[in-house]
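Below is one structure, written out as structure tokens; the observations come after it.
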């Protein structure tokens with residue numbers, strides 16, 4: 001399944017990803033009437049059926065050491081939700097690993113992982129969201145949190161503040177499903193562009209455990 005979708009995504013005509021994919025919703029600030037609308041506008045800020053990005057993931061340990069992972073992300077939007085494929089290229093220990101998320105609006109996403117060492121894809125059960133993602137301190141849920149369906153959480157606009165030079169809405173998102181591994185997520189969403197600059201994740205004891 002993963003190989004087929006990967007081929008489908010890679011064969012997309014990337015040339016169609018024109019400047020339109022780089023524009024944010026023009027009416028983002030005006031449409032941000034409440035916290036949920038701000039989150040939805042942020043998640044839907046890029047108006048394109050397909051997008052592609054190549055980036056680096058830098059993981060910082062408590063002792064100050066850093067490890068780097070190079071990834072590509074392919075996204076294809078449709079009436080039934082988005083399909084997101086993350087492909088790992090570096091380091092060699094995870095090269096070729098693919099992580100697929102199939103969005104199910106209003107319900108939990110379907111997630112699959114392919115690891116070359118195993119030679120087959122594996123579906124990630126909903127109960128495995130807290131397990132380590134590709135040997136990192138991040139979980140499977142963490143990787144999907146930036147694109148999490150806004151309808152799965154209750155959102156509250158806590159305050160407005162600047163993150164660096166970027167004026168942001170600070171929004172608290174509490175999962176409606178009490179079994180979710182985090183009690184809340186605090187997002188800093190740019191007031192002008194809709195970009196989510198930071199997400200703080202809190203455990204069930206309300207302690208900050210991770211920042212994305």
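Numbers for the structure displayed
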| quantity | calculated |
| --- | --- |
| Entirely in segment 6-92, the strands (runs of 3 or more DSSP E) that have 3 or more residues that are modelled with pLDDT of 80 or more, within 14 Å of the chain's Cα centre (by Cα) and under 19 Å from residue 109 (Cα atoms) | 66-76, 83-90 |
| Long-range neighbours under 6 Å by Cβ, at least six apart or interchain, first residue in contact (Cβ under 8 Å) with a residue 40 or more places away in the chain and on the phi < 0 side of the Ramachandran plot within segment 198-209, second part of a loop (DSSP other than H, G, I, E, B) and surrounded by 14 or more Cβ atoms within 10 Å (Cβ to Cβ) | 199/212; 201/182 |
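The values are calculated or read from the model by the stated rules, or taken from the named source; none is laboratory data. Please read all numbers here as calculations on a predicted model, not as lab measurements. All Cβ positions, glycine included, derive from the backbone under ideal geometry; neighbour counts span all protein chains shown.
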